[in-house]
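Note sheet for the following structure.
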Amino acid sequence: MLKFRNWVNTEKINYYMLSKNPQAIQFLEQNPDKIAWSALCANPAAIEMLEENPHLIDWSSLSCNPAAMHLLEANLDKVDWFVLSENPSAIDLLEANLDKIDERTIYQTLTSLSRSSWPRYFTLTIWTSLRTGGFRRLEN
């Protein structure tokens, strides 16, 4: 469990950032008043807490969480497709919902992925481009 040293002033802790920290889950479970739920939704280690509190889920933040695919698949109407397009774990979900993909984000994400992830994203990019009438330059 996360335990602060005695010299740490807990009044000055940024609980938003702490809620994103996978190592802080036990502390947050014991101190639910300190949870920043929007930040917690992006924390891959927080899935069990989120499943127990679905009414507190920030679906946009959850859409970037690589461990949340089962929650997102079960709630397609709540998915933030723009944010999901940046989630490397979401390729299967994106492939199944090509009409909802944000093309600009797919292209930008492709440049930030490791080369081992490129083939599936490249295929997804081609499918998206074909759906929209071919490749075209996207303006920033």
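Structural remarks
- Inspection of the range 65-77 identifies no residue that is at pLDDT 95 or above, over 18 Å from Ile101 (Cβ atoms), among the charged types (D, E, K, R) and surrounded by fewer than 17 Cβ atoms within 10 Å (Cβ to Cβ).
- Of everything in the range 47-85 that is part of a helix (DSSP H, G or I) and of a type in the set (S, T, N, Q), the residue that is nearest to Pro22 (Cα to Cα) is Ser61.
- Evaluation of Gln26 against the conditions (1) surrounded by 14 or more Cβ atoms within 10 Å (Cβ to Cβ); (2) in contact (Cβ under 8 Å) with a residue 24 or more places away in the chain; (3) not in a loop (DSSP other than H, G, I, E, B) shows that the sole unmet condition is (1).
- Residue that is nearest to the chain's Cα centre (by Cα), among those in the range 34-46 that are at pLDDT 95 or above and part of a helix (DSSP H, G or I): Pro44
- Of the residues making up the range 39-55, just one is farther than 19 Å from Met69 by Cβ and surrounded by fewer than 18 Cβ atoms within 10 Å (Cβ to Cβ), namely His55.
- No other residue among Ser89, Ser116 is modelled with pLDDT under 80, hydroxyl-bearing (Ser, Thr, Tyr), assigned to a helix (DSSP H, G or I) and not assigned by TED's automatic domain parsing to the domain that holds Phe27 apart from Ser116.
- Extreme residue, modelled with the lowest pLDDT, among residues of the range 1-23 that are farther than 24 Å from Ser63 by Cα and outside any loop (DSSP other than H, G, I, E, B): Thr10
The values are calculated or read from the model by the stated rules, or taken from the named source; none is laboratory data. None of the values given here were measured: they were computed from a predicted structure. Glycine also receives a Cβ, built like all others from the backbone with ideal geometry; neighbour counts cover every protein chain displayed.
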